[in-house]
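Encoded as structure tokens, the structure appears first; notes follow it.
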């Protein structure tokens, strides 16, 4: 249950419980008073636990958790659809570039995550960025896709320890999701406190996977350099924290950053 929902649930509990308690003394409707008290207690428990417990009524069981499960499945479906559409848009853009290009009769498509010349001196890094794009655009959300993307990120970090990148800022600001993740991986491998503002931008306005690892990297980069996290960046992180489910990995990372750099 997100923070706002938890607050609303607590308010409902207070109103229902208070109304039920008052009704006990002010009215003769015992059934209505009891019902209000039960509702108040139920919402109070939900606010404390951060979720609605199961109910058994007249031999039937009501599981509010199924509603949340359905919502999660719906969010995952929307994410998959958005990723697939992004991949399709990229393919269409490359096709348009191909159609308007001139030169040789036989041409190949320009792959996704193609950086400006000079940014990537090593083809291994570019291949990993493109592999990430392919996985994100073609695999459904789930543990298997997360494992694949994590493996790609680990390979990026290892390669970045051995390879210089001419313009990390260009990677972090790139339109290619794989290139942005590569920029995060580079800063994870080679900490640079001057890139804190760019990491905050990626950590609060990108895909969930990249957001999470940008936050992990940001926390690593800020060790001993909390002075780089100015008031505006703190507000940006706090605003993102308020939007996230409190139990999510991204929320925990932001909370840890703000605790490390009070």
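Applying a threshold of 6 Å to beta carbon distances and a minimum spacing of six or more residues, or different chains, the list of pairs starting in the stretch 134-149 at a residue that is in the same structural domain as residue 213 (by TED's automatic domain parsing) and ending at one that is loosely packed, with under 15 Cβ neighbours inside 10 Å and assigned to a helix (DSSP H, G or I) reads 141/76. Can you tell me which residue among 246, 262 is modelled with pLDDT under 95 and over 30 Å from residue 145 (Cα atoms)? Step by step, each of 246, 262 is checked, and only 262 is modelled with pLDDT under 95 and over 30 Å from residue 145 (Cα atoms). With a requirement of 3 or more residues that are over 17 Å from the mean Cα position of the chain (by Cα) and surrounded by 16 or more Cβ atoms within 10 Å (Cβ to Cβ), the helices (runs of 4 or more DSSP H) lying completely within the stretch 121-224 that satisfy it span 123-138, 143-160, 168-172, 177-189.
The values are calculated or read from the model by the stated rules, or taken from the named source; none is laboratory data. Only a predicted model underlies this, so the values are computations on that prediction, with no experimental measurement involved. All Cβ positions, even for glycine, are placed from backbone atoms using ideal geometry, and neighbour counts span all protein chains on display.
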